[in-house]
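Asker: Following this message is one structure expressed as structure tokens.
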């Protein structure tokens, strides 16, 4: 091989291995920065030039720095993940909730006597008595209170 051919071949090899255009250099710099964050434990997943999210590359092509675009991407993903987890927790809480207790309602699953009702009502004001009677009307009727 002639000296000129060898020189051309060497330059071709070097140009393939070392990025010469600005975009390739910035991507290489970004990937290096990203790997540093992965090794520090600040970012979970590794990236390579082919796995950079398209929205990051789109923002970069519009003039945003790669780091800033990637961090915006991460923040958006964190926001969506947090919203989904919150919705799941709310749904779970709703499914497992016992519900709201009604005000002034006493457990009427047991039968009450007229004497028990009189004793209970005597300790209440007239407005409280009225509310209690309205809320527990079936138990009062069942006790024979009005006979």
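The values are calculated or read from the model by the stated rules, or taken from the named source; none is laboratory data. Keep in mind that what you see is a predicted model, and the values were worked out from it rather than measured. As a convention, Cβ positions derive from the backbone with ideal geometry for all residues, glycine included, and neighbour counts pool all protein chains shown.
Asker: Given the residues 45, 50, which is the only one that is farther than 21 Å from residue 22 by Cα and more than 18 Å from the chain's Cα centre (by Cα)?
Answerer: 45
Asker: A further question on this structure: Between a residue in the range 1-20 that is more than 24 Å from residue 32 (Cβ to Cβ) and any residue that is assigned to a helix (DSSP H, G or I) and at pLDDT below 85, which pairs come within a Cβ distance under 9 Å, given they are 6 or more apart or on different chains?
Answerer: Close Cβ pairs (under 9 Å, with a partner that is assigned to a helix (DSSP H, G or I) and at pLDDT below 85) amount to 1/9.
Here's the yes/no breakdown for (1) in a loop (DSSP other than H, G, I, E, B); (2) modelled with pLDDT under 80; (3) over 38 Å from the mean Cα position of the chain (by Cα); (4) at positive phi:
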position	(1), (2), (3), (4)
26	no, no, no, no
64	yes, no, no, no
67	no, no, no, no
82	no, no, no, no
103	yes, yes, no, no
116	no, no, yes, no
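Asker: Moving on. In the range 130-147, which residues are over 47 Å from the mean Cα position of the chain (by Cα) and either in a helix (DSSP H, G or I) or modelled with pLDDT of 80 or more (or both)?
Answerer: 140, 141, 142, 143 - these are the residues of the range 130-147 that are over 47 Å from the mean Cα position of the chain (by Cα) and either in a helix (DSSP H, G or I) or modelled with pLDDT of 80 or more (or both).
Asker: Further question on the same structure: Please go through (1) surrounded by 10 or more Cβ atoms within 10 Å (Cβ to Cβ); (2) at pLDDT 80 or above for residue 54 and return the number of the only condition it doesn't satisfy.
Answerer: Answer for residue 54: the failing condition is (1).
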